[in-house]
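The values are calculated or read from the model by the stated rules, or taken from the named source; none is laboratory data. All values derive from a computational prediction rather than experimental measurement. Please note: Cβ atoms are built from the backbone with ideal geometry, for glycine as well, and neighbour counts cover all protein chains shown.
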Ligand SMILES: Cc1ncc(COP(=O)(O)O)c(C=O)c1O
């Protein structure tokens with residue numbers, strides 16, 4: 001009965017949108033088709049299952065409330081309380097965590113919430129430099145984390161690996177209250193245990209931001225930080241294949257005392273999410289998180305995480321074999337970082353030329369980069385979505401070859417402009433289309449041939 005109401009609701013919504021707002025309907029339709037018909041290799045992205053997406057568009061979104069299950073500031077919460085409890089239990093089960101907060105609106109908010117639950121303005125934090133692969137929220141001056149706190153950055157060794165010795169030296173010198181580990185563009189395993197030892201030596205708290213590798217952690221393909229870090233944060237839309245949003249998790253330290261407070265760390269964190277940093281929870285998104293968190297504990301997802309790692313290693317090896325400069329010489333996760341300037345193009349030219357050929361990547365600054373963030377010398381590739389499609393190590397030489405066909409054919413005209421021969425575009429797009437047909441997005445409607453024509457016409 002309920003299912004019937006839900007499906008009727010979705011169909012009616014789409015009919016009303018098509019009849020009453022054709023402009024928006026067409027844009028949404030084209031975006032769905034674009035995703036089915038391109039090879040998405042943006043490391044910070046994935047593809048949510050239709051059963052995840054549909055949770056976002058249910059009437060749960062109409063529920064306004066504040067607070068937590070069982071302690072709300074509004075009535076009418078009996079069912080959303082069950083939904084939020086389900087999401088919490090699934091988050092704890094997926095990560096073997098003792099505490100989970102599913103309300104953060106994003107990975108960035110999750111990091112800020114942890115910081116504000118522990119620190120006062122002017123306190124010192126230590127995180128990986130933005131240019132070395134850290135995230136804006138780990139202390140960059142462009143973000144609140146670098147403006148409200150005294151942020152110190154550690155970097156990489158000349159080979160491109162996290163410089164743990166430098167991090168330890170900087171921790172001794174600056175005595176940070178919080179150390180942040182985790183990264184946006186780092187292709188190697190992170191040693192959370194080592195970071196905890198550094199933190200313990202100087203009496204700092206440790207925050208592990210696993211936004212990029214959360215799926216590998218759940219699948220057992222990357223060591224878990226849960227009991228090493230005091231706090232673990234993640235976005236839910238990257239490697240958890242879930243909705244836009246964040247999670248905060250805690251392991252064995254959840255009941256340690258919070259600084260300057262009678263509360264435990266978990267209690268202080270709970271208050272920092274609401275009422276300190278956020279207002280009403282996005283309960284439809286929490287429902288979608290619950291769905292995604294159930295999916296990531298399946299045997300199928302474990303296979304996807306294995307395919308991510310073996311596929312990314314094969315992609316790195318193939319690109320290396322074609323003469324590309326792969327940073328650190330390979331990868332342990334889903335990320336392959338390339339210094340494309342060494343192949344004669346800037347990051348932005350690589351990104352735009354590949355997009356013209358239906359391969360979606362992103363430009364990325366790399367350590368010591370002389371180009372600004374909108375140009376860059378690097379290109380970051382990730383294979384979450386390809387692995388979900390079923391594309392593994394066997395398909396990666398072919399993908400590397402497509403990337404190579406584009407990059408070797410580009411004629412740069414300065415740092416942002418370029419020419420790309422039409423015949424290369426057509427040949428690569430045709431091959432991309434073949435891959436998309438052979439490896440369709442699971443559970444997504446399939447009609448690639450018509451979709452290609454539609455997307456181009458529009
Ligand atoms: C390591 C890391 N943390 C946090 C974030 C921010 O996530 P969100 O987009 O959910 O705010 C990102 C985004 O790319 C990230 O790479």
Criterion violated by residue 147 - all others in (1) more than 16 Å from the ligand (Cβ to nearest atom); (2) surrounded by 19 or more Cβ atoms within 10 Å (Cβ to Cβ); (3) not in a loop (DSSP other than H, G, I, E, B) satisfied: (2)
Hey, residue 117 within 15 Å of the ligand (Cβ to nearest atom) and modelled with pLDDT of 95 or more or not: no
Flag for residue 266 being in contact with a strand residue (DSSP E or B) (Cβ under 6 Å, 6 or more places away or on another chain) and part of a loop (DSSP other than H, G, I, E, B): no
Restricting region 245-258 to residues that are away from the ligand (no atom under 16 Å from the Cβ) and in contact with a strand residue (DSSP E or B) (Cβ under 8 Å, 6 or more places away or on another chain), the residue that is nearest to residue 272 (Cα to Cα): 258
Some residue of region 203-214 being in the same structural domain as residue 265 (by TED's automatic domain parsing), more than 16 Å from the ligand (Cβ to nearest atom), at pLDDT 95 or above and not in a loop (DSSP other than H, G, I, E, B): yes
Residue under evaluation residue 248, criteria (1) surrounded by fewer than 24 Cβ atoms within 10 Å (Cβ to Cβ); (2) touching a helix residue (DSSP H, G or I) at 6+ places or on another chain (Cβ under 7 Å), criterion not met: (1)
Wholly within region 1-117, helices (runs of 4 or more DSSP H) carrying at least 3 residues that are in contact (Cβ under 8 Å) with a residue 24 or more places away in the chain and at positive phi: none
Filter result (out of contact with any strand residue (DSSP E or B) (no Cβ under 7 Å at 6 or more places or on another chain) and without any contact (Cβ under 8 Å) to a residue 40 or more places away in the chain) within region 330-354: 341, 342
